[in-house]
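The values are calculated or read from the model by the stated rules, or taken from the named source; none is laboratory data. Remember, it's a predicted structure, so these values are computed and weren't measured experimentally. Glycine gets a Cβ as well: all are built from the backbone with ideal geometry, and neighbour counts include every protein chain shown.
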Amino acid sequence: MNDLRLERGAATRERLIRAARLLFGERGYDATSIQLVLSRAGVARGALYHHFDSKEALFDAVLEEIVAEVAEQAAAAARAAGTDPVANLRAASNTWLEVALDTDIQRITLLDAPAVVGWKRWRQLDEEHTLGGLKQTLQRIADDGRLPPESVDVLAHMILAAVAEAALLIARADDPRAALREGKAAVETLLGRLVGSDA
């Protein structure tokens, strides 16, 4: 009986997140009411507040889900780029910039997130889902003698911030595809100066 209740609870939570993600992506945080989420999810208000104590908490759950998905896409692109850590770094960075073209992801992760959850939480999610893999890649580059080992930690934070800022420029651009090209070129310049060409 308890297992069934847990399964139902997990299914309800997933329905709420799925509905909220669609609505936050389509309409933005401010224009999405709790009632709208409840209607889309087919869930009662009490069930929502059993899982989330506020609209902001629901948004946070949606945001974390997307950040984790983007991090996995970037990691998959890095793995597909071969064994050279510099190529892995470039592939992961480019993937994140390409994902920034998705208007739903733009709105949720880049435009609404800083105002809704605050800059500290926004950066924390990036660090939780992305920073570890980035540090590992930079450590491999350092092991190859292409970076000073003592700089790995600070450089990981700086690269993460630079790519996130480029993604934000893409999200806010009048011509996002042109901004993507410019962003990729800028990140290529940054990484090229930092770690050189692929092996």
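Some observations on this one:
- Among the candidates E188, E150, E182, E127, the residue that is under 30 Å from K55 (Cβ atoms) and either assigned by TED's automatic domain parsing to the domain that holds D30 or not basic (K, R) (or both) is uniquely E127.
- When the helices (runs of 4 or more DSSP H) confined to the range 105-174 are screened for residues that are among the polar types (S, T, N, Q), those reaching at least 2 such residues are found at 132-143.
- Filtered residues of the range 94-109 (kept if surrounded by fewer than 19 Cβ atoms within 10 Å (Cβ to Cβ), farther than 19 Å from A75 by Cα and not acidic (D, E)): T103, R107
- Output for the range 29-86, where each listed residue is part of a helix (DSSP H, G or I) and among the aromatic types (F, W, Y): Y49, F59
- Residues of the range 137-156 satisfying the condition of being more than 19 Å from L97 (Cα to Cα), of a type outside the set (A, V, I, L, M, F, W, C) and surrounded by 15 or more Cβ atoms within 10 Å (Cβ to Cβ): Q139, R140, R146
So that you can scan it fast, the table gives a plain yes or no per residue for (1) more than 26 Å from R27 (Cα to Cα); (2) among the β-branched types (V, I, T); (3) under 18 Å from the mean Cα position of the chain (by Cα); (4) modelled with pLDDT under 95:
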residue	(1), (2), (3), (4)
L110	no, no, yes, yes
P114	no, no, yes, yes
V117	no, yes, yes, no
E128	yes, no, yes, yes
L138	yes, no, no, no
H157	yes, no, yes, yes
A164	no, no, yes, yes
L180	no, no, yes, no
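- Candidates V62, V37, V86, V70 - the one that is crowded, with 20+ Cβ neighbours inside 10 Å and free of Cβ contacts under 8 Å to residues at least 24 places away in the same chain: V37
- Test: residue in the range 86-93 that is in contact with a helix residue (DSSP H, G or I) (Cβ under 8 Å, 6 or more places away or on another chain) and not assigned by TED's automatic domain parsing to the domain that holds E165: no
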